[in-house]
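Chemist: Could you have a look at this structure, given as structure tokens, before my questions?
The values are calculated or read from the model by the stated rules, or taken from the named source; none is laboratory data. Keep in mind it's a predicted model, so treat the numbers as computed, not measured. Neighbour counts are summed over all protein chains in view; Cβ atoms, including those assigned to glycine, are modelled from backbone coordinates with ideal geometry.
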């Protein structure tokens, strides 16, 4: 299936997982799970995905290997400088990074859904609060997909002018606010992990 930003697995991949892995990924499909264990799963998926690319070789593998060859020494140098000169303990830096990923995963939690209709796959969250601002109004995700060159601060006004069109375009995949999402999905999975349309 053609959605690299989702957390779906193909049914055949889901069927090969251990019961423990299935439980972990099902918990991760709740908003609480996504915020608590999602950062670890995100990092794991990134590392495994990059290692897979490197092992396969080719241009993508070489570019990925080069990126890691630059990244790892840079992070090591930064960690040494922070340990040597900073008054902030390392665990606080790690906690801040983890919290940052956790907050980002609120935004990505339901940006895309499985749907036979391409237009109905991308969400609108009609929130104009702090999280919407923090996410640079990517909560109006279908607007972002439709007009990727539009400056982030223009997304709310553009959406307001074309609201009915966007609702038609995405078949009503709309939430009023992030509060609504917390209320509905904090402890309940929005969808199954196995993609309903991919074998």
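Chemist: Taking the range 113-148 as the region of interest, how many residues are over 19 Å from residue 100 (Cβ atoms), touching a residue at least 40 places away in the same chain (Cβ under 8 Å) and assigned to a helix (DSSP H, G or I)?
Modeler: Within the range 113-148, residues that are over 19 Å from residue 100 (Cβ atoms), touching a residue at least 40 places away in the same chain (Cβ under 8 Å) and assigned to a helix (DSSP H, G or I) number 3.
Chemist: Test residue 155 against the stated conditions and say whether it is closer than 14 Å to residue 177 by Cα and touching a helix residue (DSSP H, G or I) at 6+ places or on another chain (Cβ under 6 Å).
Modeler: no
Chemist: Additional query: From 140, 110, 124, which residue is buried (at least 19 other Cβ atoms within 10 Å of the Cβ), modelled with pLDDT under 95, in contact with a helix residue (DSSP H, G or I) (Cβ under 8 Å, 6 or more places away or on another chain) and under 27 Å from residue 29 (Cβ atoms)? Reasoning before the result, please.
Modeler: Numbers: 140 fails: modelled with pLDDT under 95; 124 fails: modelled with pLDDT under 95.
Answer to the selection: 110.
Chemist: Out of the helices (runs of 4 or more DSSP H) lying entirely within the range 1-106, which hold 3 or more residues that are surrounded by 12 or more Cβ atoms within 10 Å (Cβ to Cβ) and in contact with a helix residue (DSSP H, G or I) (Cβ under 9 Å, 6 or more places away or on another chain)?
Modeler: 19-28, 31-36, 38-56, 58-85
Chemist: Sort out which residues of the range 6-28 are under 14 Å from residue 191 (Cβ atoms) and either touching a strand residue (DSSP E or B) at 6+ places or on another chain (Cβ under 7 Å) or at pLDDT below 95 (or both), and write them in order of number.
Modeler: 6, 7, 8, 9, 11, 14
Chemist: In addition: From the set of residues in the range 169-198 that are modelled with pLDDT of 95 or more and part of a helix (DSSP H, G or I), which is nearest to residue 104 (Cα to Cα)?
Modeler: Of everything passing the filter in the range 169-198, 178 is nearest to residue 104 (Cα to Cα).
Chemist: Restricting attention to the range 149-172, does a residue exist that is in contact with a strand residue (DSSP E or B) (Cβ under 7 Å, 6 or more places away or on another chain), surrounded by 13 or more Cβ atoms within 10 Å (Cβ to Cβ) and without any contact (Cβ under 8 Å) to a residue 40 or more places away in the chain?
Modeler: No: zero hits.
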